[in-house]
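Please read the structure below before turning to the comments.
The values are calculated or read from the model by the stated rules, or taken from the named source; none is laboratory data. Small disclaimer: the values here were computed from a predicted structure and weren't measured. All Cβ positions, even for glycine, are placed from backbone atoms using ideal geometry, and neighbour counts span all protein chains on display.
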Amino acid sequence: MKIVILGGVAAGAKAAAKARRELHDAEIDLYTDDTHISYSACGLPYYIEGNFEDYRLLLVRSPEEFEKKNVHVHLKNRAVKILPEAKQVLILDLELQKASLVDYDKLIIAIGARPVMPEIRNINLPDIFTLRKIEDGIAIKEKALKSKNAVIIGAGYIGMELLEALVRQNLKVNIIEYAPYIMPIFDEDMSKLIENQLESVNNGRFNIYTSEVATEFSGDNDGLCCVRTASGSELPADFAVLCTGVTPNVEIAKDAGIEIGVTGAIKVNDKMETNIPDIYACGDCVEENLLVSNTKIWLPLGSNANKEGRTAAINACGGEDRFPGVLGSSVTRCLNLTMSMTGLTEKKAAALGYSPVSVTVTKNDKVGYMPDVNNITLKLTADYETGLILGAQAIGAGDADKRINALTAALLGKMTVEEFYKNDLTYAPPYSPTIDPLLNAAQLLTEKVKRAD
C-alpha cells in the first residue's frame, strides 16, 4: 500500500509515525512546503520570550529520524492539485520549480492553516511578521533583541502570548484589538477582568487599545517606524506582528471535489474520512464536532491535530478508530495570568438556543496561609431548563487550568450542575481550599437552574 501525506507539522507528522507503526511494509511519503516537520508551533512564543535558546528543542522528529523508519519526507514540496479519479497528487518541487504526479492508495490531507492578512496599507514593508513557522519565530526573536518598540495587532491567544514574550524581552509593546475587549473568545465580563488584571501588573510596559483598527504601516525599505490607527494614533514600532487569526487551507481540497463544512474547513466524519473514498483529512484544515452542542466548530489546536492525525492513520491503514469531537478546551498565559475555558460561553450558548444561567466566583486556589496562594475567577454556565453544565471559563494567577480540566470530564459525561456538586474533589492546603472554587460555583449555580421540586 502507498500512503501519501500532505503536510508535516502536528497532524501530518503524527499520521506518518502512526501509519508506519500500523503497517510495517507500507510505502509512506510525506510532502510539505515547509523547511521543517514535526515541530511544536505552540512553543514559538516561549522561544521568543527566552525560556530556551535553541529553537531545535521545538523539533519533535527530524526528516532523518523519519527516514530511519522508512518514511520518506519531501521538504519544500507543495501539493498543488489532487486528482481523485486517477488517485494522484500533483506536487511542485519549490526549489527545482518542477512538477510531478505522485500516485497514492490512501491520501491524508494535513495542510493546516495560514495567517489571515488584514487590509492595512503598506503591509509588505520589512519587519512586519506573522507567527506560524519556525522561521517566523527565529526572525521575530532576532528582531526583538535589537528593538525597543513593538506593535501586536490582534489580542487573541497568540497576541497575548506574544505580549508576554516581548515584555519579557524588555520591549515597550502596544497591542491593538478591533473588538471592544481583548480575548474576545471569552464572555465580555471575563475579558474585561483579564484586561484589568493585566493592567494591574503593567508598570508602563505596554498599552492595550480596544475597539481600534490598524490602518497603515509607516516606514521604508530600511524598516518600520510606526503604525497608524483609525483613531489617529501613531504608535512607534521597530517591528509589528500580525496576530489577526488563521484560515484553513482548503483550496486544493475544494478543487478536487472534497466537501467543505459550514465552518469553512474540510468536512470529515469521525473516522477523518472526507466525502471522497480513500482520502482522509486532519489537523488545522478540518472542522470538528463540538460535543457539548453537537454543532460544528473549527478549533485549530495542536492537541486536536495530533489526535486527528492518529485516527486518520489508523483508518487509512485498515484499522478502526474514531475521533468523536472536541469540547472547545483551551488555555494560555500572559504575564503570570492563566486564561482557560471549555465548552460554551454564556454568549455562545444563548446563540445556540439554550437558556444559559451563570455564576462567577473569585476564590483562593489553595488555603490562604500557603505562601504561594493566588486567586482565581471561575465562571460556570449551565442550561436553566435541564441543569446540564454547558461550559466554564477561569482566569487568575492561581491554578485556573486544573479547574477547567476537571470540568471537561463533567461536560463529556453530560453531568448536571447538581450532579457535579456531589463530586469528591481532592483537598490538601497546598492544592485547594477545603471547599474547592469549582464546588462553590456549582453550589451557587444549583440555586439558579430550574428545580424539579
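A few points about this structure:
- Checked against the criterion of being assigned to a loop (DSSP other than H, G, I, E, B) and of a type in the set (A, V, I, L, M, F, W, C), the candidates Ala428, Ala441, Ala392 yield just one match: Ala428.
- Residues that are surrounded by 15 or more Cβ atoms within 10 Å (Cβ to Cβ) and over 15 Å from Ala13 (Cβ atoms) within the stretch 49-66 comprise Glu49, Tyr55, listed in sequence order.
- Residue within the stretch 282-289 that is buried (at least 19 other Cβ atoms within 10 Å of the Cβ), assigned to a loop (DSSP other than H, G, I, E, B), out of contact with any helix residue (DSSP H, G or I) (no Cβ under 9 Å at 6 or more places or on another chain) and in the same structural domain as Asp25 (by TED's automatic domain parsing) present: yes
Listed here are the residues, each with its yes/no results for (1) assigned to a loop (DSSP other than H, G, I, E, B); (2) basic (Lys, Arg).
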{"site": "Arg20", "(1), (2)": "no, yes"}
{"site": "His24", "(1), (2)": "yes, no"}
{"site": "Leu30", "(1), (2)": "no, no"}
{"site": "Asp33", "(1), (2)": "yes, no"}
{"site": "Gly43", "(1), (2)": "no, no"}
{"site": "Tyr47", "(1), (2)": "no, no"}
{"site": "Leu57", "(1), (2)": "no, no"}
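- Test: residue in the stretch 292-312 that is without any contact (Cβ under 8 Å) to a residue 40 or more places away in the chain, assigned to a loop (DSSP other than H, G, I, E, B) and touching a Lys or Arg at 6+ places or on another chain (Cβ under 9 Å): no
Residue-by-condition table, conditions (1) free of Cβ contacts under 8 Å to residues at least 12 places away in the same chain; (2) within 25 Å of Lys2 (Cβ to Cβ); (3) not assigned by TED's automatic domain parsing to the domain that holds Pro277:
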| residue | (1), (2), (3) |
| --- | --- |
| Glu49 | no, no, yes |
| Phe52 | yes, no, yes |
| Arg61 | no, yes, no |
| Phe66 | no, yes, no |
| Ala79 | no, yes, no |
| Leu101 | no, yes, no |
| Tyr104 | no, yes, no |
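- Residue check for Pro180: touching a residue at least 12 places away in the same chain (Cβ under 8 Å) and surrounded by fewer than 20 Cβ atoms within 10 Å (Cβ to Cβ): yes
- Residue list for the stretch 1-36, filter: closer than 28 Å to Ser147 by Cα and buried (at least 18 other Cβ atoms within 10 Å of the Cβ): Asp34, His36
- Residue, surrounded by the most Cβ atoms within 10 Å (Cβ to Cβ), within the stretch 350-403, restricted to residues that are touching a helix residue (DSSP H, G or I) at 6+ places or on another chain (Cβ under 9 Å) and among the basic types (Lys, Arg): Arg403
- The requirement of being touching a helix residue (DSSP H, G or I) at 6+ places or on another chain (Cβ under 8 Å) and either farther than 30 Å from Pro184 by Cβ or outside any loop (DSSP other than H, G, I, E, B) (or both) is fulfilled somewhere in the stretch 121-133, by at least one residue.
- Top-ranked residue of the stretch 184-203 - restricted to ones that are in a loop (DSSP other than H, G, I, E, B) and in contact (Cβ under 8 Å) with a residue 12 or more places away in the chain, ranked as surrounded by the fewest Cβ atoms within 10 Å (Cβ to Cβ): Val201
- Some residue of the stretch 362-375 being in contact with a Ser or Thr (Cβ under 8 Å, 6 or more places away or on another chain), among the aliphatic types (A, V, I, L, M), under 18 Å from Tyr421 (Cβ atoms) and in the same structural domain as Thr416 (by TED's automatic domain parsing): no
- Those strands (runs of 3 or more DSSP E) of the stretch 204-256 in which 2 or more residues are of a type in the set (A, V, I, L, M, F, W, C) occupy 206-210, 214-220, 223-229, 239-242.
- Strands (runs of 3 or more DSSP E) within the stretch 328-388 that include 2 or more residues over 18 Å from the mean Cα position of the chain (by Cα) and at pLDDT 95 or above: 356-364, 375-383
- The set of residues in the stretch 162-177 that are surrounded by fewer than 22 Cβ atoms within 10 Å (Cβ to Cβ) and under 19 Å from the mean Cα position of the chain (by Cα) is empty.
- Exactly one residue among Tyr39, Tyr104 is surrounded by 15 or more Cβ atoms within 10 Å (Cβ to Cβ), in contact with a helix residue (DSSP H, G or I) (Cβ under 7 Å, 6 or more places away or on another chain) and aromatic (Phe, Trp, Tyr), and that residue is Tyr39.
- The stretch 12-48 - residue that is under 20 Å from Glu95 (Cβ atoms) and among the hydrophobic types (A, V, I, L, M, F, W, C) and, of those, modelled with the highest pLDDT: Leu30
- Scanning the stretch 214-233 for residues that are surrounded by fewer than 17 Cβ atoms within 10 Å (Cβ to Cβ) and within 21 Å of Lys143 (Cα to Cα) yields Glu216, Ser218, Asp220, Asn221, Asp222, Gly223, Cys225.
- If you check Leu125, Leu145, Leu163 for being among the hydrophobic types (A, V, I, L, M, F, W, C) and either touching an Asp or Glu at 6+ places or on another chain (Cβ under 7 Å) or under 18 Å from Cys334 (Cα atoms) (or both), only one passes: Leu163.
- Count of residues meeting criterion [over 16 Å from Arg56 (Cα atoms) and not in a strand (DSSP E or B)] in the stretch 141-158: 11
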